[in-house]
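Enquirer: The following block contains the structure, expressed as structure tokens.
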Amino acid sequence: MNSIVDSRTPSAVDEAERYTAHNYHPLPVVITEAEGCWVTDVDGRRYLDFLSGYSALNFGHRHPALIAAAHAQLDRLTLTSRAFIHDQFAEFCHRLSELTGQDLVLPMNTGAEAVETAIKVARKWGYQVKGVPDGQAKIIVAADNFHGRTTTIISFSTDEDARADFGPYTPGFEIVAYGDLEALSEAIDDYTVAVLLEPIQGEAGVLVPPDGYLSGVRALCSSRNVLFLADEIQSGLARTGRTFAVDHEDVKPDMHIMGKALGGGIVPVSAVAASREVLGVLKPGQHGSTFGGNPLSCAVGIEVIKLLETGEYQRRSAELGAMLHEQLRALMGRGVTAVRGRGLWAGVDIDPGVMTGRQASEKLMARGMLAKDTHGTTIRLAPPLVIEEDEITWAVRQLAEVIGAA
């Protein structure tokens, strides 16, 4: 490993700062290689990745089956646009429809695209099926949500960093408190076409709603003829110990919204899945994406779904997640004020009298562990689902020593 004097990191960080807009505040680490749960920087130092690309790397870096699928497809065909059908498209959509239990699938690229798709489809369903007067459709969302950063999506954000100075804002949304069924019930009216929720709020600090909330949302939506749109972009695909976070309450939403891990950490892949009655409102020319459902993304996505069909990753997340949360809870009152989450996903609140979340992340990085802060005093932990028990124990020990709890 290079000495601090010979380190390539400072110059690489400076170069990035010089030529990129400052829409992120990354930790000063420059990664050049990765495999499984571990990444290596330009100076040869290894780090345990405890963020997983915000759950985009659920299966770890460079999973052999996913890399093989990508290589094989790269040698044959990468893009056709949706003007034509390619030989990976039907299998991807078929497998994803079976995984979600929905009739139809619409592939896109990014999570924000999938959410925008859900919004458009819900409005069109509201006008064509429910009979809402044109231009009057309303979608209910939760406070502290994070669904993306397009101008429409940030219009219903309560995070001023995401929202401020980007107006005028898109109308048609009403915000209610997360986890509050009474507030949701009062907000639903004849113009409501959908409720859009994260089953667990990730960016807000891995907030888990009260038991019965998701089943209550499902019941309300069913009784009031409103679509339940579940944003599972971060919470889905085995992150919480089940295939989808809604599965913990045996809830089936009207639409699954997926992304991140669906691309296996190789390519951006997102999708929505819903019934024929809902997604069937779209007709040719009304919505699309040149790269959505391209051959490379479908080939990788097929292998992702095959991995999920084994149940191995759901089981690992549930079992190892219980271990992670038990060890994290042992830090309560010793520099940690709260631990939330489910499966291999945790939000840890650092005592502000000890340090900020950013400071904790920087100190963890110095010890060879990568995590990320949010909202001042919280760090998010989301290791790849291929992590081992000794690696979890090592990571929690690093956190304990950083906050002085060891």
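The values are calculated or read from the model by the stated rules, or taken from the named source; none is laboratory data. Because the structure is predicted, anything quoted here is derived from the model rather than measured. Positions of Cβ are backbone-derived with ideal geometry, glycine not excepted, and every protein chain shown enters the neighbour counts.
Enquirer: Kindly indicate the residue of the stretch 266-318 that is closer than 30 Å to residue 131 by Cβ and of a type in the set (D, E, K, R) and also surrounded by the most Cβ atoms within 10 Å (Cβ to Cβ) among those meeting that condition.
Expert: 277
Enquirer: For the stretch 340-375, what are the residues that are over 22 Å from residue 201 (Cβ atoms) and part of a helix (DSSP H, G or I)?
Expert: Hits for the stretch 340-375 are 359, 362, 363, 364, 365, 366.
Enquirer: Let me ask something else about it. Would you say residue 312 is in contact with a Leu (Cβ under 9 Å, 6 or more places away or on another chain), within 30 Å of residue 72 (Cβ to Cβ) and without any contact (Cβ under 8 Å) to a residue 40 or more places away in the chain? Before you say what the answer is, go through the steps one by one.
Expert: Details: in contact with a Leu (Cβ under 9 Å, 6 or more places away or on another chain): yes; within 30 Å of residue 72 (Cβ to Cβ): yes; without any contact (Cβ under 8 Å) to a residue 40 or more places away in the chain: yes.
In short, yes.
Enquirer: State whether one or more residues within the stretch 40-57 are without any contact (Cβ under 8 Å) to a residue 24 or more places away in the chain and not β-branched (Val, Ile, Thr).
Expert: No, because not a single residue in the stretch 40-57 is without any contact (Cβ under 8 Å) to a residue 24 or more places away in the chain and not β-branched (Val, Ile, Thr).
Enquirer: Can you name the residue in the stretch 376-401 that is without any contact (Cβ under 8 Å) to a residue 60 or more places away in the chain and of a type in the set (Val, Ile, Thr) and is also farthest from residue 56 (Cα to Cα) among such residues?
Expert: Ranking the qualifying residues of the stretch 376-401, first place goes to 377.
Enquirer: What are the residue pairs meeting all of these: first residue in the stretch 328-349, first residue in contact (Cβ under 8 Å) with a residue 40 or more places away in the chain and over 17 Å from residue 406 (Cα atoms), second residue part of a strand (DSSP E or B) and basic (Lys, Arg), Cβ atoms under 7 Å, and 6 or more apart or on different chains?
Expert: As it stands, the answer is 346/340; 347/340; 347/380, since those pairs meet every condition given.
Enquirer: Mind counting the residues in the stretch 236-262 that are in a helix (DSSP H, G or I) and in contact with a helix residue (DSSP H, G or I) (Cβ under 6 Å, 6 or more places away or on another chain)?
Expert: Filtering the stretch 236-262 down to residues in a helix (DSSP H, G or I) leaves 245-249, 260-262.
Of the ones still in play, those that are also in contact with a helix residue (DSSP H, G or I) (Cβ under 6 Å, 6 or more places away or on another chain) are 246, 249, 260-262.
Here the count works out to 5.
Enquirer: (1) over 21 Å from residue 244 (Cα atoms); (2) of a type outside the set (Lys, Arg); (3) out of contact with any Lys or Arg (no Cβ under 8 Å at 6 or more places or on another chain): which one isn't true of residue 36, the others all being true?
Expert: (3) is the only condition that residue 36 fails.
Enquirer: Could you please let me know if residue 178 is over 21 Å from the mean Cα position of the chain (by Cα), assigned by TED's automatic domain parsing to the domain that holds residue 118 and more than 14 Å from residue 253 (Cα to Cα)?
Expert: Values: over 21 Å from the mean Cα position of the chain (by Cα): no; assigned by TED's automatic domain parsing to the domain that holds residue 118: yes; more than 14 Å from residue 253 (Cα to Cα): yes.
Criteria not met by residue 178.
Enquirer: Residues to consider are 224, 242, 316; find the one that is outside the structural domain of residue 194 (by TED's automatic domain parsing) and at pLDDT 95 or above. Show your work before the answer.
Expert: Values: 224 fails: outside the structural domain of residue 194 (by TED's automatic domain parsing); 242 fails: outside the structural domain of residue 194 (by TED's automatic domain parsing).
Being outside the structural domain of residue 194 (by TED's automatic domain parsing) and at pLDDT 95 or above holds for just one of 224, 242, 316, which is 316.
Enquirer: From (1) surrounded by fewer than 24 Cβ atoms within 10 Å (Cβ to Cβ); (2) touching a residue at least 40 places away in the same chain (Cβ under 8 Å); (3) farther than 29 Å from residue 303 by Cβ, pick out the condition that doesn't hold for residue 195.
Expert: With (1) surrounded by fewer than 24 Cβ atoms within 10 Å (Cβ to Cβ); (2) touching a residue at least 40 places away in the same chain (Cβ under 8 Å); (3) farther than 29 Å from residue 303 by Cβ applied to residue 195, the lone miss is (1).
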